[in-house]
1. Of the numbered conditions (1) surrounded by 20 or more Cβ atoms within 10 Å (Cβ to Cβ); (2) modelled with pLDDT of 95 or more; (3) closer than 30 Å to B:Leu273 by Cβ, A:Glu286 fails exactly one; give the number of that condition.
2. May I ask you to say which residue of A:Ala155, A:Ala96, A:Ala160 is at pLDDT 95 or above, surrounded by fewer than 19 Cβ atoms within 10 Å (Cβ to Cβ) and away from chain B (no Cβ under 12 Å)?
3. For segment A:28-52, how many residues are touching a Phe, Trp or Tyr at 6+ places or on another chain (Cβ under 9 Å) and at positive phi?
4. Starting from residues that are among the small types (Gly, Ala, Ser) and surrounded by 21 or more Cβ atoms within 10 Å (Cβ to Cβ), keep the ones in segment A:240-269 and report whichever is nearest to A:Asn210 (Cα to Cα).
5. Could you tell me which residue of segment B:7-24 is nearest to the other protein chains (Cβ to nearest Cβ), considering only residues that are within 6 Å of DNA strand C (Cβ to nearest atom) and among the hydrophobic types (A, V, I, L, M, F, W, C)?
6. Only one of these is modelled with pLDDT of 90 or more and more than 16 Å from DNA strand C (Cβ to nearest atom): B:Ile60, B:Ile72, B:Ile41. Name it.
7. In the list B:Gln175, B:Gln192, which residue meets the criterion of being surrounded by fewer than 24 Cβ atoms within 10 Å (Cβ to Cβ), under 27 Å from B:Leu58 (Cβ atoms) and at pLDDT 95 or above?
8. Identify the single condition in (1) more than 22 Å from A:Gly288 (Cβ to Cβ); (2) away from DNA strand D (no atom under 16 Å from the Cβ) that B:Pro40 does not satisfy, given that it satisfies every other one.
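The values are calculated or read from the model by the stated rules, or taken from the named source; none is laboratory data. Nothing here was measured: the structure is a model prediction, and the numbers come from that model. No Cβ is skipped: glycine too gets one built from the backbone with ideal geometry, and neighbour counts run over all protein chains shown.
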2 protein chains.
Amino acid sequence: MAGVSVATVSRYLNNATLLAPDTALRVQRAMDELNFVPHPIARNLATNRTNTIGLLLLDIGGNFYSPLLRGIEAVSSEAGFDLLIHSTGSSHAGNARKRTLTEHNTDGLLSFTDALDNVELTRLNRIGFPVVLMHQSPPSGIDIPVIIIENQEGARQIVAHLIKVHHRKRIVFLQGPPGNEDSSAREMGYCQALREHDFPFDPNLVAIGNFDTEYAYNTVKKLLIYKVEFDAIFTGDDDSAIGVLQALQEAGIRVPEDVSVAGFDDSIFARLLNPALTTIHAPIEEVGREAVHQLINLIRGDYTEPRITLPTELIIRQSCGCNR
Amino acid sequence: MAGVSVATVSRYLNNATLLAPDTALRVQRAMDELNFVPHPIARNLATNRTNTIGLLLLDIGGNFYSPLLRGIEAVSSEAGFDLLIHSTGSSHAGNARKRTLTEHNTDGLLSFTDALDNVELTRLNRIGFPVVLMHQSPPSGIDIPVIIIENQEGARQIVAHLIKVHHRKRIVFLQGPPGNEDSSAREMGYCQALREHDFPFDPNLVAIGNFDTEYAYNTVKKLLIYKVEFDAIFTGDDDSAIGVLQALQEAGIRVPEDVSVAGFDDSIFARLLNPALTTIHAPIEEVGREAVHQLINLIRGDYTEPRITLPTELIIRQSCGCNR
DNA sequence: CCGGTTACTGTAACCGGTTTCATTTTTGCA
DNA sequence: TGCAAAAATGAAACCGGTTACAGTAACCGG
């Protein structure tokens, strides 16, 4: 319609070569007339780029992910990338793990916590495919950028707060799911705070909360049944804190008068709990933003930080005993 | 490597024709050896199908979306579709609205609330492209399947509860954002309940909460300043309820003793509020599941329901005055 | 033993763009 | 005015599959 070859149209679309102004005009006019939109798929095939980044999550449902998604979506869409999301946890057990998101339909992959296993990470790394990890370190020897948060320092601070300000002496720590990296780092912070105040480490005070409301609820019930003595609980994450508060309340234990409670994450609901939860703010939206930045750098072949650690912040509310 | 043509490999991959068992074996062996994975993009181009469904949201960040995403992800991944997500709200104002998700890179589109405007809906409908709407009706005359929830009946029930059980006489209703369909339906339910109990409709008792915590907070503050008298607030949604509770508490008004509060949605935090929020459960995960089902039917050319209304359920907690 | 099916597989066009290379047209300057 | 270099464009291969069509070999009943 514009009286030019497809090659010229392509050049016009990509501003590849300077076109004669007159030609450009004719192409533009024809495009308007025909309501022409270039076919992304054909483009992908020809350029071997998809302009899409893939996000792998274990379980997209968690309310924990809202800020993460917000961060990721914001910067990826700003950079002109589409977002392909797949929840690896939802793959029906037994079913052979078919990888829907791979080097073939994305330009790069974002993996949260343990969404991608080490075998796959190694393979992707070997073929030089861009991957950025969030809240998860790569297998040793494999070089993949990582975005994490200051788990240990955050945990240390909040436990120190319980010790110094509220004079708590027997502080329970609730671990997350087995193998969870966040959880182990937080546990190290917990231990560090104990050491710094010359408190002995008592293994009886460490239990499993699994980063899960109900699990934590049951765990606290058990602690009470076994008459484990404690005057504070650092719940590992905020989800667990809900269960902890409930279990304590049902047992007639007052928070924070009898027992201080502290969480980690600063989820949306933390300030809504009763009492409002003292916790560590995890900059999870920022994690998402930073991860996409790094991934895009990787895709473009620019320099990337091997490891970015985002700062956490102590948020004092009432569940520890402050502001009463 | 298998000594066959690409056509045969393609046939093997798609079980198109019966292959000679011996040939199939050779192809399979070669595929294993070469670690061959068919290139989805090339496939898409050839078949004109993407095996991807697009989800359009105004703002992916809301915690409201977690269950929706869970529902959508679950059934789409089960059906073998990838999920492409785009937040139309994040498009930086002023920037020409470039449609990243279209008929060219998805097989069908899911739109929540007002993510897709009527112009685009009309266009998509004209070219016969599969679209399913959630919490939003299509422009009149346009035939697009819709998934909605029983807003009016839910609202009627909860307002009737406030009237019959708690003998509330002056019940405030907080509207959502202007033009929001959920909000108007809920307002109709509110009015219906008033009528059914021969209560007059008092326009002074209707204010705007904007489905937003802070907005609702300020609105209630204003009601108090203007000394509008009320003994209950139906907050329109749960987010607003947070702000309402806070404003009332700061004014020294006791909930539920002085004023009953009721929400809508049954968000994850509803039971965590103090007092726990009486609300209407909105089956939002189910909305997501159903929407994907309908969309897939549409894509396959099967029959689809023009309009599915999912039931809501009254959830009695403490903020209305029950269970004390 | 033969013609007609049937079963299997190869050839080549096609999906809708991008890009290399070649060709044609301009342009700049001696 | 002439010619080399630069600018603009077209031809065709290519991305990696699918699929209509055609061809060959094995199979069948009469």
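1. The number of the failed condition is (1).
2. A:Ala160
3. Counting residues in segment A:28-52 that are touching a Phe, Trp or Tyr at 6+ places or on another chain (Cβ under 9 Å) and at positive phi gives 1.
4. So the residue we want is A:Ser240.
5. Going through the qualifying residues, I end up with B:Ala7.
6. B:Ile72
7. B:Gln175
8. Single failed check for B:Pro40: (2).
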